[in-house]
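Trainee: Submitted below is the structure of interest, expressed as structure tokens.
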Amino acid sequence: MKNCSLLILFLFVGQTAFNQGVADLAITPPMGWNSWNKFGCNVDEKMIMEMADAMVTSGMRDAGYEYIVIDDCWQVGRDSLGNIIPDPERFPSGMKALGDYIHSHGLKLGIYSCAGSKTCQGRPGSRGYQFQDARSYAAWGVDYLKYDWCYNEGQSAEAAYKTMSDALKAVGRPIVFSICEWGEHKPWEWGKGIGHLWRTTADIRDCFQCQFDWGGLGVLDIIDRQAELYPFAGPGHWNDPDMLEVGNGGMTNTEYISHFSMWAMLAAPLMAGNDLRNLDQPTLEILTNHDVIDVNQDELGKQARRFMKMGDYEIWAKPLSNGEVAVCFLNRSLQAWSLDYDWQRYTMYFVRDVNLHKNNYKIWDCWAHKYIGTTDEQLSAEIPPHGVLMVRLKKK
Ligand code: GLA
């Protein structure tokens, strides 16, 4: 009897500790790479391994990128017992071997499935197989699951994502859970505790301003849809405005700088979506800008708020730990913005602990990597069309 109580106590303590471990995941926004934006269905183990190599040799791993996520099309069917089968031609060594390879690089493995009967590309989905699939993922060493919403057949989104969340928690391996139902059922209202991040919109397109009939959006339209969602972001539960397009060629360098800056301000997951094997210098400089990444990864975990909107000129502010604050001046227009900014007049009233009058911050330019003034003087700058000025107010 005594032994039995002890066993129950051990199991209870073990499960509590494990649940705590799951809760500790994604304490800052996840960073990594995902195959979809650049490669679509064209995924195989050779390319994924090369991407892991490039993540290390490029310096991206050291900049904070961690997850290598294989998106749709890795799966081809189920065996007679219902186990999900990876494409044997494209992944001949199997997912466990690929996971080992990725882990040996100090990186983590991410995979993709869908709450519906099929994935968006018509591959087998996880509906009805959630616990079985979660066990397969754990056996392969999966650390991150992106879970989509095609062929959902009228399920309740909250219930469907909760089922997979429970399945992942039951396998005894910490797995970040990325909810991808495109914001259709306001996942920011129920996703905390079920997943660690949730998509807020339809898919991103590689353009600064564009919209497609099927819902695809460019950078500016996605940003607009994040503006009111700031109360829902925090350590372990993030709004996800979709993966990065930086380096994919559809935008100018200036636009990619704005895209990356704003994703950092929004405390968004930073999932690169380009070919890491062919990184040109400007792309690498954007993706590894440590001043910008530090703002994204700040431990306070606040999402920026739109503090001012004057037509196409916007000012966003993100409170940081230690009473510092990041400010991003976003120029949405096709004309340069001659900025003349009076810090003392426009106090960021909603940023707690930021007292511009008392503190007299030094202004650090996150792209020029130098101080450009203090908050007791006027800030003058020329912000290019579609560009940003992103600064960090540092205490003296
Ligand atoms: C959906 C998702 C995308 C991608 C594709 C894969 O469109 O939103 O991010 O995963 O499916 O088919």
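Trainee: Helix 253-265 versus the longest principal axis of the chain: what angle, 0 to 90°, nearest 10, using Cα atoms?
Mentor: Approximately 70 degrees, to the nearest ten.
Trainee: Roughly what % antiparallel, to the nearest 5, for the DSSP beta bridges in the chain?
Mentor: 60 percent
Trainee: To the nearest 500 deg cm²/dmol, what mean residue ellipticity at 222 nm is calculated for the chain from DSSP H runs of n ≥ 4 alone, each contributing -39,500 (n - 2.57), summed and divided by the residues?
Mentor: It lands at -8500 deg cm²/dmol.
Trainee: Now a separate question. Can you give the local net charge around Phe177? Use residues other than it whose beta-carbon is closer than 10 angstrom to its beta-carbon, Lys and Arg +1, Asp and Glu -1.
Mentor: Local charge sum for Phe177: +2.
Trainee: Give me Cys73, Cys180 sorted ascending by neighbouring Cβ count inside 10 Å, so fewest comes first.
Mentor: Taking fewest neighbouring Cβ atoms as first place, the list is Cys73, Cys180.
Trainee: Residue by residue, what Karplus-based ³J(HN,Hα) values in Hz, rounded to whole numbers, does segment 213-224 have, using 6.51, -1.76 and 1.60 with θ = phi - 60° and x for Gly and Pro?
Mentor: In residue order, the calculated couplings are 4, 7, x, x, 9, x, 4, 5, 5, 5, 4, 4 Hz.
Trainee: Any chance you could give the angle, 0 to 90 degrees and rounded to 10, that helix 45-57 forms with the longest Cα principal axis of the chain?
Mentor: Result, in degrees: 40.
Trainee: Give the long-range amide H neighbours of Ala304: residues separated by 5 or more places, or on another chain, with amide H under 5 Å away, using H modelled in the peptide plane at 1.01 Å from N.
Mentor: Leu266, Ala267
Trainee: Further, regarding this structure: Could you run the Karplus curve 6.51 cos²θ - 1.76 cosθ + 1.60 with θ = phi - 60° over segment 319-332 and give me ³J(HN,Hα) per residue in whole Hz, x for Gly and Pro?
Mentor: The phi angles translate into x, 10, 5, 6, x, 8, 8, 9, 10, 10, 8, 10, 9, 7 Hz.
Trainee: Please give me, ordered by residue number, the GluC sites (Glu not before Pro) of segment 244-304 that lie in loop per DSSP and have at most 16 other Cβ atoms within 10 Å.
Mentor: Taking segment 244-304 and a limit of 16 other Cβ atoms within 10 Å, the loop GluC sites (Glu not before Pro) found are Glu299.
Trainee: Can you list the residues, at least 5 places off or on another chain, whose amide H is less than 5 Å from the amide H of Leu197, using H built in the peptide plane?
Mentor: Hits under the 5 Å cutoff: Phe177, Ile179, Trp238.
Trainee: Separate question: Once phi is turned into ³J(HN,Hα) by the Karplus curve 6.51 cos²θ - 1.76 cosθ + 1.60 with θ = phi - 60°, what whole-Hz value does each residue of segment 290-296 show in order, with x for glycine and proline?
Mentor: Each residue's phi maps through the Karplus curve to give 5, 5, 6, 4, 4, 5, 4 Hz.
Trainee: Once you've got the Cα coordinates, tell me which of Lys186/Lys309; Lys302/Lys395; Lys169/Lys318; Lys146/Lys394 are over 28 Å apart.
Mentor: Those over the limit are Lys169/Lys318; Lys146/Lys394.
Trainee: In addition: Give the long-range amide H neighbours of Met271: residues separated by 5 or more places, or on another chain, with amide H under 5 Å away, using H modelled in the peptide plane at 1.01 Å from N.
Mentor: Distant-sequence amide H within range of Met271: Gly32, Leu244.
Trainee: Where does the charge balance sit around Gly32 when Lys and Arg score +1, Asp and Glu -1, over other residues with C-beta under 13 Å from its C-beta?
Mentor: -1
No value in this document is a laboratory result; all are computed from the given coordinates. Here the structure is a predicted model, which is why all the values come from computation and not from measurement. A quick note on method: Cβ atoms are made from the backbone with ideal geometry, for glycine too, and the neighbour counts reach across all protein chains shown.
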